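Engineer: Please see the structure below; I have some questions.
The values are calculated or read from the model by the stated rules, or taken from the named source; none is laboratory data. What you see is a predicted model, and the numbers here were worked out from it, not measured in a lab. Counting neighbours? That spans all protein chains shown, and the Cβs are built from the backbone with ideal geometry, glycine included. Accessible surface is based on the protein model in full, side chains and every heavy atom, while ligands, DNA and RNA are left aside. Shrake-Rupley method; radii C 1.70, N 1.55, O 1.52, S 1.80 Å.
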Amino acid sequence: MAKPKALPQGVLNSKQMLNKINKESDSLGLVLLYGTETYMIDGAVNMLKKVCLGPGAEDMDFASIDTRTGEKFDMGKLEELISMPPWMSPKRLIVVRQSGLPGRELSDKDLNVLKNIPSSTVVVFFEENVDSRKKAFKAFVQYGTVASMAGFEEDELLNWIGNRFGKEGLKVNYDAATSMASRCSGNMMELVNEVNKVALYCQSKNYTVVTPEIVELCCPADLSGRIFDIMDSCGSGNAASALGTLDKLIINKEPMVMIRASIMSHIKALIMAKEAGNPNVLIKRTGMKEFRAKKICQQANNFSMNSLIKLYLTAADLDSDFRHGLIDERYSLEIVLVKAAAKTDGNPGSFS
């Protein structure tokens, strides 16, 4: 199994950060949380509110600056908010979203504000993207706590799905859990909604175990997962299985244009994975979810780089032929899959 993506020195991962909020909240002052996983970020905010704010004190001791709503970030306003002591809470909590401050050039006055946050206040900056090479980012690491709020790693994600169903009195088998993770591409907010939906369905039917069949019935179509299955079959040289999966997608009325685009995109991802060599590099280059990156890299091992490039060019040519009315759409897809199955590391066939 691949190691987790390396973080910049001094930066915590999401699990470490949530543990720090839960167990060491007194040590928090200046905090920078970055990433696009809103479930993790919202969870961190809710935890901070619980440990910092007194009952019913949010109106008095909580402040927010959010540039996404058109509000401009002003360091003077932040300094003014920091100077106000908590009224009814252990600590005053200030949340600043998308300020861009970690990517700016900081003046000595700005640095002085960040360095001298009083022990009675926690200031949390949320940024979607940061550059760890910037001096401002390094200042946050030096004077505060910085964490990357990415989603769970694969094992943690599957455990989370199991625990979430467990709270509803349900068990989930491995195949069902991986299917749900794949359908939601590891997106936590989508997973929360799908788990809740499946749990309600199972409870209404008095089921005690979540199976792949139930997931298939309740959750959005897993086109991405089926494309993985198709390319797995191709990677093992099994054209019949790949064509069978394609046939099922078409019978289920999956739009042909989506199938074609997904296969092209998947072959391109395999090329990038082959070039990267391992999931960590692929994640760093593309921002791909760790769950997907591991599967793509593992699958890429079944193909040579040369065969993948030829396959992509063949698919592009056939796509052009279809658009110009020179070939049937389904037949063009079948040709791609047969050629993919004929040219794998386990099957030294050749493209014509």
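Engineer: Return the total of residues in region 133-172 being open to solvent by 50 Å² or more (accessible area, probe 1.4 Å) and of a type in the set (Ser, Thr, Tyr).
Structural biologist: 1
Engineer: Another question, then. Do any residues in region 214-225 that are under 17 Å from ILE251 (Cα atoms) have Cβ atoms under 8 Å from those of residues that are among the aliphatic types (A, V, I, L, M), where the two are at least six apart or on different chains, and which pairs are they?
Structural biologist: Taking only residues 6 or more apart or on different chains, the pairs are LEU223/LEU249; LEU223/MET258; LEU223/ILE259.
Engineer: Could I ask something else about it? It is to be established whether one or more residues within region 302-316 are of a type in the set (D, E, K, R) and within 20 Å of GLY225 (Cα to Cα). So that I can check it myself, show each step before the final result.
Structural biologist: Taking region 302-316 and keeping what is of a type in the set (D, E, K, R), we get 310.
Pick out the ones that are also within 20 Å of GLY225 (Cα to Cα) and you get none.
No, there is no match, as no residue in region 302-316 is of a type in the set (D, E, K, R) and within 20 Å of GLY225 (Cα to Cα).
Engineer: Could you go through region 3-26 and let me know if any residue there is part of a loop (DSSP other than H, G, I, E, B), farther than 16 Å from GLN142 by Cα and open to solvent by less than 40 Å² (accessible area, probe 1.4 Å).
Structural biologist: For region 3-26, residues part of a loop (DSSP other than H, G, I, E, B), farther than 16 Å from GLN142 by Cα and open to solvent by less than 40 Å² (accessible area, probe 1.4 Å): absent.
Engineer: Working only within region 189-212, note down all residues that are in contact (Cβ under 8 Å) with a residue 40 or more places away in the chain and surrounded by fewer than 18 Cβ atoms within 10 Å (Cβ to Cβ).
Structural biologist: Result: MET189, VAL192.
Engineer: Here's a follow-up. Every residue in region 31-48 that is over 20 Å from LEU114 (Cα atoms) and over 17 Å from the mean Cα position of the chain (by Cα), please.
Structural biologist: ASN46, MET47, listed by residue number.
Engineer: Which residue, of GLY169, GLY144, is at positive phi and at pLDDT 90 or above? Reasoning before the result, please.
Structural biologist: Values: GLY144 fails: at positive phi.
Checking each option against the conditions leaves just GLY169.
Engineer: Oh, and also: Quick one: which residue in LYS339, LYS253 is of a type in the set (D, E, K, R) and either touching a strand residue (DSSP E or B) at 6+ places or on another chain (Cβ under 7 Å) or surrounded by 21 or more Cβ atoms within 10 Å (Cβ to Cβ) (or both)?
Structural biologist: Being of a type in the set (D, E, K, R) and either touching a strand residue (DSSP E or B) at 6+ places or on another chain (Cβ under 7 Å) or surrounded by 21 or more Cβ atoms within 10 Å (Cβ to Cβ) (or both) holds for just one of LYS339, LYS253, which is LYS339.
Engineer: Of all residues being part of a helix (DSSP H, G or I) and closer than 21 Å to LYS23 by Cα in region 45-60, which is most open to solvent (accessible area, probe 1.4 Å)? Just the residue, please.
Structural biologist: LYS50
Engineer: Sticking with this one: Considering only helices (runs of 4 or more DSSP H) fully contained in region 91-186, which possess at least 1 residues that are closer than 30 Å to LYS205 by Cα, in contact with a Cys (Cβ under 9 Å, 6 or more places away or on another chain) and among the hydroxyl-bearing types (Ser, Thr, Tyr)?
Structural biologist: On the way: elements: 108-115, 135-143, 154-166, 174-183.
Once the helices (runs of 4 or more DSSP H) in region 91-186 are filtered for at least 1 residues that are closer than 30 Å to LYS205 by Cα, in contact with a Cys (Cβ under 9 Å, 6 or more places away or on another chain) and among the hydroxyl-bearing types (Ser, Thr, Tyr), what remains is 174-183.
Engineer: Okay, next question. Looking at SER148, SER119 in this structure, which one is small (Gly, Ala, Ser) and under 30 Å from GLY56 (Cβ atoms)?
Structural biologist: SER119
Engineer: Residue by residue through region 278-336, note down the ones that are open to solvent by less than 60 Å² (accessible area, probe 1.4 Å), over 20 Å from the mean Cα position of the chain (by Cα) and among the β-branched types (Val, Ile, Thr).
Structural biologist: THR314, ILE327, ILE335, VAL336
Engineer: Oh, and also: Return yes when ILE41 is assigned to a loop (DSSP other than H, G, I, E, B), among the β-branched types (Val, Ile, Thr) and within 24 Å of ASN22 (Cβ to Cβ) and no when it is not.
Structural biologist: Working: assigned to a loop (DSSP other than H, G, I, E, B): no; among the β-branched types (Val, Ile, Thr): yes; within 24 Å of ASN22 (Cβ to Cβ): yes.
In short, no.
Engineer: Can you pull out every residue in region 20-42 that is more than 16 Å from GLY144 (Cα to Cα) and of a type outside the set (A, V, I, L, M, F, W, C)?
Structural biologist: ASN22, LYS23, GLY35, THR36, GLU37, THR38, TYR39, ASP42
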